[in-house]
Amino acid sequence: MERIKEAAAGGSPSPGPSTGHENESVSELISGMVGDVQGLVRGEIQLARTELSESASGAAKGIGMLVAGAIVALIGFVFLMLALVEVLDDAMPRWAAALIVGGGLVIIAAILALVGKSQLSADKLKPTQTIDSLQEDKEWAQQQARSVKN
């Protein structure tokens, strides 16, 4: 647009595309690029903090499920031990009921523990948005460095 205005005013348009940086020295360009990179790094650090706090929240849920699984497993173990006592004591049918209840609780504990473990997987705790954003920033910085060289 500036080139068109210059031509209309009788001036000769500058060759090539207008970037708005014609009057800036290389040191000013590099200084501006460094400032931009610093701003990006600050933004990435904030993004990483936010993402890691979200991951920590998911980890807390997983730990809660593991604890719940451990408690249920403990109760199941108690019932299994009661069943063993009943078998050894007087071999009455009451032990079968305790064995069924204890076995069911152990199965529930195993399910809770597996769900909790999946909540704590490394993939779920990885800050993927930050990694992707840092990759984009790296590509941008490389592109800026190439444009300053040209």
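Descriptive notes on the structure:
Results for (1) farther than 25 Å from Arg42 by Cα; (2) modelled with pLDDT of 75 or more, shown as yes or no for each residue.
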| site | (1), (2) |
| --- | --- |
| Val85 | yes, no |
| Gly103 | yes, yes |
| Asp123 | no, no |
| Thr130 | no, yes |
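- Pairs linking a residue in region 133-150 that is in contact (Cβ under 8 Å) with a residue 60 or more places away in the chain and charged (D, E, K, R) to a residue that is assigned to a helix (DSSP H, G or I) and surrounded by 12 or more Cβ atoms within 10 Å (Cβ to Cβ), with Cβ atoms under 7 Å and 6 or more positions apart or on different chains, are Asp137/Leu40; Asp137/Glu44.
- Tabulated pairs, region 67-87, first under 10 Å from Leu105 (Cα atoms) and buried (at least 18 other Cβ atoms within 10 Å of the Cβ), second modelled with pLDDT under 80 and among the aliphatic types (A, V, I, L, M), C-beta under 7 angstrom, 6+ apart or interchain: Val72/Leu105; Gly76/Leu105; Phe79/Ala98; Phe79/Val101; Phe79/Leu105
- Exactly one residue out of Ala60, Ala96 is modelled with pLDDT of 80 or more, in a helix (DSSP H, G or I) and more than 30 Å from Asp36 (Cβ to Cβ), and it is Ala60.
- In this structure, Gly43 does satisfy being loosely packed, with under 14 Cβ neighbours inside 10 Å and either assigned to a helix (DSSP H, G or I) or at pLDDT 85 or above (or both).
The values are calculated or read from the model by the stated rules, or taken from the named source; none is laboratory data. These numbers were taken from a predicted model, which means no experiment stands behind them. Because the Cβ atoms are built from the backbone with ideal geometry, glycine has one as well, and the counts that use them run over all protein chains shown.
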